[in-house]
Amino acid sequence: MTKRRRLAVNLIWYLLSIGMGCSSKEPPPSDENNVPSSTVASTTAQTIPPEGSEDVNGLKVTVSKDGHIKVEGTDIFHGKLDVIYESADYLLSAVPVLKRSLTPEQTEGLSKVAARLGGKVITPEQDSAQRR
């Protein structure tokens, strides 16, 4: 093996060992125990919506126990829609994109569901006023 090739191989092994070493470190201990339990309980109760499923103009919207929102159905192009959002805020942020492939009624229904579950609905007028 030539010197140049040996150097390249050693360099690659060195970089891989650094990468492996960094990824195998344990995360630092959390300070979860230092937070009062009343604070944790109150924030959890406010952010997790109730479980359930409902029909929104042909779309099935399911809220899980941990607050994830699953949207299932068919878009206007007859494509399958099967998406999970972490919270109502993420669903509300996705509505403008979903609007391109859903009916106006479905888009409006998803906005209302997100608002009811805790997202904030901002009308175009409010948005332009905030940007000023």
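Just so it is clear, none of the values below were taken in a lab; they were calculated from the coordinates. Just so it is clear, the structure is predicted and the values come from calculations on it, not from any experiment. Here the Cβ positions follow ideal geometry from the backbone for every residue, glycine too, while neighbour counts run over all protein chains shown.
Stretched out fully, how many nm does the piece from D82 to V97 gain, at 0.36 nm a residue minus the Cα gap?
That pair, D82 and V97, stretches by 3.9 nm at full extension.
Could you order the peptides 95-106, 72-83, 4-15 from most to least packed, using the average number of other C-beta atoms within 10 Å per residue?
Result, highest mean first: 95-106, 72-83, 4-15.
Quick one: what are the phi-derived ³J(HN,Hα) couplings along the stretch 106-116, Karplus 6.51/-1.76/1.60 with θ = phi - 60°, whole Hz, x for glycine and proline?
These are the phi-based 3J(HN,Hα) values: 5, 4, 5, x, 5, 4, 5, 4, 4, 5, 5 Hz.
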